[in-house]
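The values are calculated or read from the model by the stated rules, or taken from the named source; none is laboratory data. Since the structure is predicted, the reported quantities are computational estimates derived from the model, not experimental observations. Cβ sites come from the backbone with ideal geometry, for glycine too, and all protein chains shown count toward neighbours. With ligands, DNA and RNA removed, areas are computed over all heavy atoms of the protein, side chains included. Shrake-Rupley method; radii C 1.70, N 1.55, O 1.52, S 1.80 Å.
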Amino acid sequence: MRVACVGTIPHVLRRLVALLATLVAVSAVALAPLQAAPQQRRDYAAAAWTILPPGENGSLTFDRNTTDQAKLYDALTPLFGNITGRELRRTFKPAPLGASVRGKRERPRAGVTIARDSFGVAQVTGRTEADVAFGAGWVTAADRGLLLQLIRGPARVAALDVPGVDPIGLALSGKSFVPSAEAEAFLANQLDAVRSQRTVGPKILTLVNAYAAGINGYYRSKGIPATPFTANDVVASAALIAARFGTNGGQEAQNAMFLDALEERLGAADARRVFADLRAANDIESPVSVPGSFPQQFPSAVPAGSVVLDDGSFTGVQLSPPAVASNALLVGKKRSATGRPLFVAGPQVGYFFPQFFAEMELAGAGFAVRGAVFPGVPMVLIGRGPDFAWSATSSQADNLDLFVETLCEDDLHYLYRGQCEPMRRFFVGTVKAQGQPDQPITYYETTHGPVVGYATVGGKRVAISAQRSTRGRELLSTKAFYDLNTSRVTSAKDFVQTMNGVEFSFNWFYADDRDIAMFSSGRLPVRAPGTDPALPTQGTGDFDWRGFLPGSAHAQGINPPSGAILNWNNRPAANVGAGDGNFAYGSVHRNDLLRLGVAARKKHSLTTLTGVMNKAATQDLRAVRVWPTVRALLRTGSAPNARAEAAAALLDSWQAAGSSRLDRDLDGKIDDPGAAVLDAAWPRIADAVLAPVLGPLVDRLAALHPRSDDPGPGGSAYIAGWYGYVDKDLRAALGREVRGPYSRRYCGAGVLATCREALWAAIDAAAAELESKQGAAASTWRADASAERIRFVSGVLPDTMRWSNRPTFQQVMSFSGHRPRS
């Protein structure tokens, strides 16, 4: 197996600059004279605001729209929860339907008009649907042309699930990728599948082809010698979204080896119980977003079809989990000060320049939509219509499984349904880099999917393959977005039914002037009895998937009795099991920060709800939710010395003040010394709780998921399962109520005094470390805020922002009316 390597930032610069040289060598776009805007259907929004840093301009010719939104985004952060109407208007940009035009209108062809607002967001108006799609392609090439060219080849790697090649890393490496005819045929099969969808299929294909024509038209108008964009490029772009953001799973091999190590330490029966504690697959205390029970993804009592790999035996590719930082705060009309639902929500796709998403409005021929578009996909994926808004978060629903293939003859043959079958060799294409030899990429696949590696089971060699439920089907989800873009969705009920057609694993959120709703989508496998989703499955055919979960079994809700729908990648509803790579559905979750903020008021306005989001965005979850429990146990005895007590007192003060990690004066240090204490103490606290049972395997557990998902340049933080481990076990030690208790006591091996001594030792060791590095005066200890600042990947843009744990693209919306309802 040949694997492409990720290049360095200088390679990225050279690649981007080379593309820039072509772009800046051409003249400016010929613009048509300013004319009256075409009549728009009514906009029912009472308030419509968005943000997408760093800015709409994604070219290397910097202008006012390159970083204008980053400045707004960063200006909101230090306000914590204190948001007023003035601050809302100052830190978001207006997002009406109907652009407030800056300058002249552009007419790339008859039937297509493009106008831009002061933030550079384009309004595309078309006479026909094809005209709208053509204009969307034209704007995509203008606003994200560099990124589009960089990802179009590597996106095919995502579509094929090529083991060991990160498509985003390949795109930013400065290398080019030339796909094979075999890869192109794989993508073209999706076009045939869409074509067979009767009425809507031909419409989708018309949009796809017109969109590609718009991209190519822009390049021709500029004299850019780009390889023509094709329908296959659209398929690949959709696959990149599905594979990077809408796929979950693939950690089963690492889980299985950890379980094998646990069995060696604890014995088989105890190891299984401890493994179940740590997985938190269905912790009754974990927060949910909507009421109701939707049982799925649970392990069988006797998982005879699951396999425990020999510890340390797996060699191959460890699949990376998707980033999860999106959130959604929806308040229904009974909890709203205006009597209308409130919507503060957005997805997190990382901080890049050029940003992956762009913002666009599509109007005419039934289109009435504004929001985020992904380069290469001809419709708005997250956004608003005339009288509703929608958004998404990663659901972490498990739609990718590893299968253990029994080898026969050699490493390239496997046993399936009683027959010895050959693996298929797939030639994906060639990576090219100047001054380096061509690098062909190939992999082998079984009936389940690509072979990601090899391992042993009881000393016998096996192959491991990966099966993704959406592989080769990504474009089939397009119909749902077509319905959203063309306002065919007219109610919360329509929305739920529509989003059931999306096969990617996401939680979807909706609000109009009357209702709020959520639906958790995905082509989710129904696993065979006798399997544990956390472990690899026998690949002989006896335990293959048994179909897919029907729409009625997906977590969903409309206007819940609580009056709110809150999600920050937490469990969507009761009895939704955790995916194999998700250990975070425990008793403490960052969604608690949103829940506490919303519960603080009986009724909310858009400003107070935005304040809840922004306050949570800089809070340290460990201080808010876990430290009080730790402190309660510490208070059952005395501190070992004054230094440890002083450190604990700093944490008390910080927690009482709101636990914010803000650096308001921009001196490069977090304002409160409590942050420095907790940063130094947390790994020691976590180990003090679990080490009495796990011993040296605490480090192995941390390799599966970190002790703390700390703040950093990527933004997302605080979604580790260790917070729940500490909270739940220490509450049990204190004799407090614990629903769904663990199978044993961990801290101090169940002895309170021993647990307390270990926790005090952790606090004192942290204080000693800070004292040695920063001096004896505890009030002067500080954590480094500069290291946490958000940086835009690629390194081309030098700007940074304060750390904030919030979505990349965010909408703040409310509606005062609605089209006539049938």
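Name the trypsin sites (Lys or Arg not before Pro) in the range 434-537 that are in a loop by DSSP and that have at most 14 other C-beta atoms within 10 Å, would you?
Passing sites in the range 434-537 are R488.
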Other residues with Cβ under 11 Å from the Cβ of P299 give, with Lys and Arg +1 and Asp and Glu -1, a net charge of +1
Accessible area of L278 in the full protein assembly, 1.4 Å probe (Å², nearest 10): 0
With a 1.4 Å probe and all protein chains kept in place, how do D283, D43 rank by accessible area, largest first? D43, D283
Leaving out ligands, DNA and RNA, and with a 1.4 Å probe, what % of the accessible surface on the range 540-615 is carbon or sulfur? 57
Counting other C-beta atoms within 10 Å, and keeping those with at most 16, which DSSP coil trypsin sites (Lys or Arg not before Pro) do you find in the range 374-436? R417
Report the extension gain between A703 and T128 in nm, rounded to one decimal, defined as 0.36 nm multiplied by the number of residues separating them, less their alpha carbon distance. 201.7 nm
Under 20 Å from a point 7 Å along the Cα-to-Cβ line of Q439: which residues of the range 128-154 have their amide N that close? 149-154
Mind running the shape call on the chain? Use the C-alpha gyration tensor, a ≥ b ≥ c as the square roots of the eigenvalues: rounded below 1.5 for a/c, prolate if a/b tops b/c, oblate otherwise. oblate
Computing the accessible area with a 1.4 Å probe over protein heavy atoms, can you report the carbon and sulfur percentage for the range 253-333? 55
Listed by chain and number, the lysines with an alpha carbon less than 23 angstrom from that of K222, same-chain partners under 8 positions apart left out, are K104
Restraint check, K615/K728; K71/K669; K479/K603; K334/K615; K71/K432; K93/K493, Cα-Cα greater than 27 Å: K479/K603; K71/K432; K93/K493
Within the range 409-483, GluC sites (Glu not before Pro) in DSSP loop having at most 12 other beta-carbon neighbours inside 10 Å: E409
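Order 740-750, 559-569 from most to least packed using the mean count of other Cβ atoms within 10 Å.
With the highest mean Cβ count within 10 Å placed first, the list reads 559-569, 740-750.
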So what are the range 247-358's ellipsoid semi-axes, whole angstrom, largest first, if each one is the square root of 5 times an eigenvalue of the alpha-carbon gyration tensor? 38, 23, 11
Starting from the Cα gyration tensor of the range 397-543, take the square roots of the eigenvalues, sort them a ≥ b ≥ c, and report rounded, prolate or oblate (rounded when a/c is under 1.5, otherwise prolate if a/b is larger than b/c, else oblate). oblate
Multiply the residue gap between V200 and A787 by 0.36 nm, knock off their C-alpha separation, and tell me the result in nm, one decimal place. 206.4 nm
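Could you give the length gained on full extension between N189 and S100, defined as 0.36 nm per residue of separation minus the Cα-Cα distance, in nm?
Length gained, N189 through S100: 27.9 nm.
With each run of n ≥ 4 DSSP H residues scored as -39500 (n - 2.57), what mean residue ellipticity at 222 nm is computed for the chain after dividing by its residue count and rounding to the nearest 500 deg cm²/dmol?
-10500 deg cm²/dmol
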Rounded, prolate or oblate for the range 571-644? Axes are the square roots of the Cα gyration tensor eigenvalues, ordered a ≥ b ≥ c, and the cut-off for rounded is a/c under 1.5. oblate
If unit charges are put on Cβ atoms (+1 for Lys and Arg, -1 for Asp and Glu) and the dipole of the range 741-789 is taken about its Cα centre, the option from S779, A765, Y746 lying farthest towards the positive end turns out to be Y746
Point-to-point label distance, A749-N82, nm (Cα→Cβ direction, 7 Å offset): 5.2
